[in-house]
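Colleague: Quick one: the structure is below, questions incoming.
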Amino acid sequence: MNWDDLRIIAAVRDEGTYAGASARLRIDETTVGRRLARIQRDLGVPLFEAADGLRRPTRHCEAVLEHVGAMAAHVAAIDLLRESQPGPVGRLRIASTSSVAEELLAPRAAKFLGDNPGLTLQFLTSSENVKFSRWQADLAIRLRKPEKGDFTISKLAEVRLYFFEPVEAADTASIVCAYPDELDAIPEQQFLRARRLKAARCVTDNVRIIRTMISSHQAIGVLPEHNCGSLLADRSLRATLLPKRRDVWLLVQNHLKRDPATRLTIAWVRHCFKDVPHG
């Protein structure tokens, strides 16, 4: 039983007729009668008796309506809570890689949530893409453009990429850090393949691992600019800017495009990427 069913019981009690309940709820009178019959069948007890052209509530109905009244009070309290919050109210699920969430979103999230007390953000971090068709997330930040899908997509940025290698040659060959084979199409892998550095001895989709390996001055690899940290200032490392950049895409569920909380969150996500070069 859902809240709409319970509202029908209350409307028939208050109005006394199916026609009155229909006008109050703005649904067809036939629908009121059909749904009320189903509710009574599901409960196994009669809720109304016909008397003098009106529908009179039975004792079973009065018992049900006591609970309906309590639920209505809770609904009203929730509405007041929403109205008491300044600005939009909502809970948004944002899917992204761990590195994007940690390096770009998290440092700016506290201020955003502090400025918007009605909002809640849930970060879903994984190297696997969420299934938008199954509504696993409301927004998603992807480093590869989806070929198709029932969502709105727009470019957030074009991320610069840097290839790092030790300045001084070591006694042994530097360890090559690369991404898994399923990511062969990304610019990082294409660059390593062009340099004939595909024979990697450290394979991972976690950029923090690659950054840590590079900082040891015994490994080479490619990192997005927002993950480079202090490596660009490390004089023991040579940083080469790759000619090709990596696109970052924002996916939004279509039904949320005009939702105030979603629009505010989209603007914040774009602000998080404002220092990342575009086109």
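The values are calculated or read from the model by the stated rules, or taken from the named source; none is laboratory data. In this text the structure is predicted, and so the values were computed from the model without any measurement. Here the Cβ positions follow ideal geometry from the backbone for every residue, glycine too, while neighbour counts run over all protein chains shown.
Colleague: Could you please find all residues in region 253-279 being of a type in the set (Val, Ile, Thr) and under 20 Å from ASN116 (Cα atoms)?
Modeller: Answer for region 253-279, where residues must be of a type in the set (Val, Ile, Thr) and under 20 Å from ASN116 (Cα atoms): THR262, THR265, ILE266, VAL269.
Colleague: Out of curiosity, is ALA137 under 18 Å from PHE273 (Cβ atoms) and not hydroxyl-bearing (Ser, Thr, Tyr)?
Modeller: The answer is yes for ALA137.
Colleague: Within region 162-202, which residues are out of contact with any helix residue (DSSP H, G or I) (no Cβ under 8 Å at 6 or more places or on another chain), more than 24 Å from LYS145 (Cβ to Cβ) and outside any loop (DSSP other than H, G, I, E, B)?
Modeller: Within region 162-202, GLU165, PRO166 meet the criteria.
Colleague: State the number of residues belonging to region 203-231 that are in contact (Cβ under 8 Å) with a residue 60 or more places away in the chain, over 16 Å from VAL167 (Cα atoms) and not in a helix (DSSP H, G or I).
Modeller: Qualifying residue count, region 203-231: 5.
Colleague: Can you give me the number of residues within region 1-51 that are surrounded by fewer than 17 Cβ atoms within 10 Å (Cβ to Cβ) and of a type in the set (Phe, Trp, Tyr)?
Modeller: Here the count works out to 1.
Colleague: When region 7-57 is examined, which residues are found to be in a helix (DSSP H, G or I) and either in contact with a Phe, Trp or Tyr (Cβ under 6 Å, 6 or more places away or on another chain) or not assigned by TED's automatic domain parsing to the domain that holds HIS74 (or both)?
Modeller: GLU29, VAL32, GLY33
Colleague: Among the residues of region 232-262, which ones are touching a residue at least 12 places away in the same chain (Cβ under 8 Å), surrounded by fewer than 17 Cβ atoms within 10 Å (Cβ to Cβ) and part of a helix (DSSP H, G or I)?
Modeller: Hits for region 232-262 are LEU232, ASN254, PRO260.
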